[in-house]
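The values are calculated or read from the model by the stated rules, or taken from the named source; none is laboratory data. The model shown is predicted, which means the values in this text are computed figures rather than measured ones. Here the Cβ positions follow ideal geometry from the backbone for every residue, glycine too, while neighbour counts run over all protein chains shown.
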Amino acid sequence: MTHDRSDAVSADDIRAFERDGVVCLRNVLTPDEVEHLRMAVKKQMDQLGESATGYDFEALAQQIWDRSGPVEAGAANRFDMQAVKDLVRGDATARPLMEEAEANEGGLFFYDVAAWRWDQGIRKVAFDSVLPGIAAELLGANYLNFWEDTTFVKAPHTRQKTAFHQDLAYFQIEGEQCVIVWIPLDPANRENGTMQYVRGSHKWGETYAPNVFVSQTPIRSSPHPKCLDIEGEQAAYDIVSFQVEPGDVIIHHVMTLHGSGGNRSDHWRRAMSFRYCGDEVRYFDRPGAIPQVGVAHDLRDGDKLISADYPIVWPRPWPSFCLSEAYDNLNRPV
Ligand SMILES: O=C(O)CCC(=O)C(=O)O
């Protein structure tokens, strides 16, 4: 069966994605779509300290490296932060991944997930924009499931970097037909922490253990090896980054190693990322993957991702169909 393909992606873009494991597409989201995401991020951030899923990794990193006290993450309960602290402190090779500064200047590295369940604006962009068509085109997929949204915000003067990592082992999936769409909600450049990608690393044939973002230490026991020390040996790798504006997106392959610097500027760097899986992907309760928020856990290893937790966002049954409106808002997890 053939479907209308996206004209937002060219043959050159597809070649670049296949060769490099990452491609930057300009001007693909409308100002309204970007605004929907900004509003959702604001709602998430307004609940920092009270929601079960929102974290400030800048503050947590400081607590992790401070030997004396326990780790306090408010109402957030997705990660056992004391266990993370113990893991990092027990890793002889771990070191802080922070930008140089004379003192901590009150930065914030906000992280949250799965807002599509309670925010119609996110569903509109994740399900009904040009993004699913683009993702299907890059992956050569017959249909696409939406896996999750994740929010990454770095306030001005945030020292914490995002440790280089590879996404596959964070997810309960088997198969590499998966992309991550990184969506800047502010102009992003090397100074305020635009994403960095190790070009071609999606073809290395290795799966790496998920880390805790604030250190390269694997987050839980994982059968996969620890990610390479890309931060420590930047010159040894072919690292590419893109200066981007709101409306642009950067799309990487699920096996591509990536990370980002802190935000050394006076400007915010808000971003959201969407994860899409193609029809070849199967559910796999991968040891060491990060537990997902709000899922029914009704799939077994080897199942297709067809379930209410992973909406089919491509192809559209007809051009004006709005999948986002077919879902009711659920309550936020508290
Ligand atoms: O925005 C960041 O710093 C990290 C983003 C990321 O790792 C992702 O979108 O997979």
Residue check, GLY205 against (1) within 16 Å of the ligand (Cβ to nearest atom); (2) in a loop (DSSP other than H, G, I, E, B); (3) farther than 29 Å from LEU108 by Cβ; (4) of a type outside the set (D, E, K, R), all met but one. Which one? (1)
When GLU102 is run through (1) touching a helix residue (DSSP H, G or I) at 6+ places or on another chain (Cβ under 8 Å); (2) within 30 Å of GLN234 (Cβ to Cβ), the failure sits at (1)
Quick one: is ASP80 at pLDDT below 90 and within 22 Å of the chain's Cα centre (by Cα)? yes
Residue pairs meeting the criteria (Cβ under 7 Å; at least 6 apart or on separate chains; first more than 16 Å from PRO96 (Cβ to Cβ), in region 66-80; second charged (D, E, K, R) and assigned to a loop (DSSP other than H, G, I, E, B)): GLY74/GLU50; ALA75/GLU50
Residue that is farther than 30 Å from GLU105 by Cα and touching a Phe, Trp or Tyr at 6+ places or on another chain (Cβ under 6 Å), where the choices are ARG275, ARG316, ARG300, ARG282: ARG275
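For (1) of a type in the set (Val, Ile, Thr); (2) buried (at least 20 other Cβ atoms within 10 Å of the Cβ); (3) closer than 24 Å to ASP186 by Cβ, each residue gets a yes or a no:
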| position | (1), (2), (3) |
| --- | --- |
| LEU29 | no, yes, yes |
| ASP46 | no, no, yes |
| LEU60 | no, yes, yes |
| ARG67 | no, no, no |
Condition (residue is away from the ligand (no atom under 14 Å from the Cβ), closer than 30 Å to ASP12 by Cα and not acidic (Asp, Glu)) applied to region 109-123: is it met by at least one residue? yes
Residue selected from region 51-77 under the condition assigned to a loop (DSSP other than H, G, I, E, B) and acidic (Asp, Glu), by the criterion nearest to the chain's Cα centre (by Cα): GLU72
Kindly provide the set of residues from region 238-256 that are crowded, with 22+ Cβ neighbours inside 10 Å and either without any contact (Cβ under 8 Å) to a residue 40 or more places away in the chain or of a type in the set (A, V, I, L, M) (or both), ordered by number. VAL244, VAL249, ILE250, ILE251, VAL254
